[in-house]
Amino acid sequence: MNPAILRRDLAASLVVFLVALPLCVGVAVASGVPAELGLVTGIVGGLLTGLLPGSSLQVSGPAAGLTVLVYEAVQTYGLHALGVIVLAAGLLQLVLGALKCGRWFRAISVAVVEGMLAGIGLVIIAGQLYAMAGAKAPASGIGKIAGLPGLAGDLFTSTTLWPSFAVGAGTAAVMLLWQRLPAKARLVPGALVAVVLATATTWLLDLSVKTVEVRGLLDSIQPPGTGVLATLGFGVIGTLLAFTLIASAESLFSAAAVDRMHDGPRTDYDKELMAQGAGNIVCGALGALPMTAVIVRSATNVQVGAKTKASRVLHGLWLLLFAALLPAVLALIPIAALAGVLVHAGVKLLPVKQFPALWRDHRGEALILAATAVAIVTVSMFEGVLIGLLLSVVKAAWQTSHIKLEVIHKGAGPVQAYLSGNATFLRLPKILDDLEALPEDRPIEMDLSGLHHLDHACRTALITWAERHNAESSEPVRMSPALI
């Protein structure tokens, strides 16, 4: 390898490591699992997935977008079952990639993906506000949001919650302000700076704030046992499909975004899906968090000048060395600071800038985005995504089923009617209204040559209308081409 390229990749790997470290730990804590399991997923994402073909520059690890789903799975099935679910999702990703299904994930409506991320972002923000205050969050997404006024009241009336909340709010504020600094200063990741400042402040002021519980890397790894499968019901299938769909879609959409940021080799979506699957199989075998490609780390990797896979592989090595040599450092980090990092991450998932433009230009897409987000908050992750996909399909079907009836009256003689477009059952009421408005006392010549598609329901309706017209009028209906 060219020494100059190696130096750039080495420098990039250190920056990506510093970005990934607080996020790996924060996502794990917010997911209700030991902090070290987030590091395990980051290590596998670097050392294994980083070496596999697919995308050359995007970086994999635990993602904030799966936090809510992992938390729900752990609460429902237990931490011992997480590895089985992640491993099964990885196997499914591997099969989908081998069947060349990776490219089809790009066909998912962008409105559904953005709605999914917005719903996740809202739940993350609401849940982590409780963590910032050191309070217990309600279990459901709607419960978290509905309980925020009560949390605000507790903050105003209780002095014990303020130190923790101030640490978390200060962490989020530092990250926001860090983005406004010159580019050279921002080479040091804002999340790392914010967490270090919060940790130092907590220690210097001796604040009574909860910190990360440390178990040790090897003690946190929990390979799934053979008896776990017997404890899982059919309900786990929905969770498994949600893990697979969301992790795959987030990874491949990240790949598309990263490809637009550099002029190097393009992503092979099928191979990338298989690489993510292989990583999740190993993460599942270790009982760790699920893995996706993460746009924050990937974008950082490109922006700081990485040229090859070496940068993402080395970032995994640095995570491994940190977890092995400096685990006690984790015990100094306030949970409220990690919550502040995730509140910031949740805000970035909200389409604050994109939604107004989408509403102006594509109102239907904006409604799908909003409906998907609301469904995820009020129902659940899996059902919310399914609702978004269903609405997207219905919208596409409605828009493609355009039908037009052009009628020409010449004063005398037959009425000429030209039916064109796609005649589907979705437009059947309009078709029947137009046909029944035609005069009954004159012959009608119906030209159907402009129809691109005529489904069974519309064909039957046309035949029934013509038979009724012919029975009630002495002037017949002539269709070309004939339907019967």
**Q.** Cβ-Cβ FRET estimate between Leu326 and Ile5, R0 fixed at 35 Å, reported to 0.05
**A.** 0.75
Q. Can you pull the accessible area of His402 for me, 1.4 Å probe, Å² to the nearest 10?
A. 110 Å²
(Q) What distance in nm lies between label points placed 7 Å from Cα along the C-beta direction at Asp206 and Leu241? (A) 5.7 nm
Q) How many Lys pairs in the chain lie less than 25 angstrom apart by Cα atoms, where the lysines are 8 or more positions apart or on different chains? A) 18
Q: Starting from the Cα of Ala396, step 7 Å along the direction of its Cβ; do the same at Asp154; then give the gap between the two resulting points in nm.
A: 4.4 nm
Q) What translational D, rounded to a whole number of µm²/s, comes out for the range 71-140 from Stokes-Einstein when the hydrodynamic radius is the Kirkwood one over Cα pairs, at 10 °C and 1.306 mPa s? A) 106 µm²/s
Q: Go ahead and estimate [θ] at 222 nm for the chain from helices alone: -39,500 (n - 2.57) per DSSP H run with n ≥ 4, summed, over the residue count, rounded to 500.
A: -20500 deg cm²/dmol
**Q.** Surface per residue (accessible, 1.4 Å probe) for the range 40-148, Å²
**A.** 34 Å²
Q: Work out Dmax and Rg for the range 316-386 from the C-alpha atoms and quote the Rg first, both in angstrom.
A: 18.9, 53
Q) Per 5 Å bin, what is the whole-percent P(r) computed from every C-alpha pair distance within the range 403-461? A) 4, 18, 31, 24, 14, 7, 2
Q) What is the Cα centroid distance between the range 225-291 and the range 380-452, reported in whole angstrom? A) 42 Å
Q) By Kyte-Doolittle mean hydropathy of at least 1.0 and Cα axial length of at least 20 Å, which whole DSSP H helices of the chain are selected? A) 3-30, 79-98, 110-133, 162-178, 190-205, 236-259, 310-325, 335-349, 363-378, 381-400
**Q.** Dimensionless Rg ratio for the chain, taking C-alpha atoms and the 2.2 N^0.38 Å reference
**A.** 1.23
Q.
Give me P(r) over the range 1-128, computed from all C-alpha to C-alpha distances, binned every 5 Å, as integer percentages.
A. 2, 9, 14, 19, 20, 17, 12, 5, 2, 1, 0
Q.
Output needed for the range 266-318: three equivalent-ellipsoid semi-axes, defined as square roots of 5 times the C-alpha gyration tensor eigenvalues, in descending order, whole Å.
A. 21, 14, 10
Q: Based on the mean of other Cβ atoms within 10 Å per residue, sort peptides 66-78, 29-41 so the most packed one is first.
A: 29-41, 66-78
Q) What net charge is computed for the residues neighbouring Ala328, neighbours being all others with C-beta under 14 Å from the C-beta of Ala328, Lys and Arg scored +1, Asp and Glu -1? A) -2
Q) What order, most packed first, do the peptides 296-305, 147-156 have when packing is the mean number of other Cβ atoms within 10 Å of each residue? A) 296-305, 147-156
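The values are calculated or read from the model by the stated rules, or taken from the named source; none is laboratory data. From a predicted model like this one, the values you see are computed outputs, not experimental measurements. Heads up, the Cβs are rebuilt from the backbone with ideal geometry, glycines too, and the neighbour counts pull from every protein chain shown. Note: accessible area is taken over every heavy atom of the protein model, side chains too, but ligands, DNA and RNA are not part of it. Shrake-Rupley method; radii C 1.70, N 1.55, O 1.52, S 1.80 Å.
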